[in-house]
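Every number in this text was worked out from the coordinates using simple rules, so none of it is lab data. Source: prediction; values computed, not measured. Quick reminder, even Gly has a Cβ in these numbers, built from the backbone with ideal geometry, and neighbours come from all protein chains shown.
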Amino acid sequence: MKSISPKEEVATPGYMPDKKDLSILRLLQENARITVKEISEKIHLSTTPVHERIKRMEESGIIKQYATLVDNAKVKKGLTVICYVSLKQHGKNAGMKFIQTINDLNEVIECFSISGEFDFMLKVVCEDMNAYYDFHVNKLSEIENVGHVQSIFVMGIIKQTHQVVWEE
């Protein structure tokens, strides 16, 4: 599926999605493989305006990427860990170095800059506890400037979605 990089985004000044755009987004979030024809039938527009609206939302950065959600356990990545990380130094360069390193670690599937006691929150997936131990000791803890790491092990997933919902 197409991934849209930040460099490719062309800002559309003042562009705000209308009700039809939001309907298109809702349908795409439910099923990214839905066809333009199917969307057009559901929102009562012809295919050309639907295609143009999708393209405009991609170009403006509203649609960032199309993705496939995977059952981690079925691909031998059954352990999910939330890691809170604090840095020793908090300068711009120190933070950027950490971020660059994190972006290269395949085990880290999400990284958030957060406020509070810690600087970052990572979502890490591994095969099992042994794989996480190896990741923690030999990769995460070896990153320059990492001060403290707190690991929280996910015991079960109650809700998991990537769909943003708004009132229409």
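What angle, in degrees between 0 and 90 and rounded to the nearest 10, separates the Cα long axis of helix 47-60 from the longest principal axis of the Cα atoms of the chain?
Orientation of helix 47-60: about 30 degrees from the principal axis.
Rank 105, 129, 163 by how far each Cα sits towards the positive end of the charge dipole of region 95-163 (+1 on Lys, Arg Cβ; -1 on Asp, Glu Cβ) and give me just the farthest.
The listed residue farthest towards the positive side: 163.
If I compute volume of the Cα convex hull per residue in Å³ from the structure I just sent, which labelled value in (i) 214; (ii) 162; (iii) 124 lines up?
(ii)
Roughly what angle does helix 129-138 make with the longest principal axis of the chain, taking Cα atoms, 0 to 90 degrees, to the nearest 10?
Between helix and principal axis, roughly 70 degrees.
Using θ = phi - 60° and the Karplus relation 6.51 cos²θ - 1.76 cosθ + 1.60, list the HN-Hα couplings for region 20-32 in order, rounded to whole Hz, with x at every Gly or Pro.
Here the 3J(HN,Hα) series is 5, 4, 5, 5, 4, 4, 4, 5, 5, 5, 5, 7, 5 Hz.
Hey, what number do you get for the chain at 222 nm if only DSSP H runs of n ≥ 4 count, each worth -39500 (n - 2.57), divided across all residues, to the nearest 500?
Details: 5 runs with 56 residues, N = 168.
Theoretical 222 nm ellipticity from helices: -10000 deg cm²/dmol.
Considering only C-alpha atoms, what is the centroid distance from region 122-168 to region 30-109, in Å?
Using only Cα atoms, the two centres lie 17 Å from each other.
To the nearest 20 debye, what charge dipole does the chain have about its Cα centre, counting +1 at the Cβ of each Lys and Arg and -1 at the Cβ of each Asp and Glu? Write out the running numbers ahead of the final one.
Working: 21 positive and 23 negative charges, 62 e Å.
Once rounded to the nearest 20, the dipole reads 300 debye.
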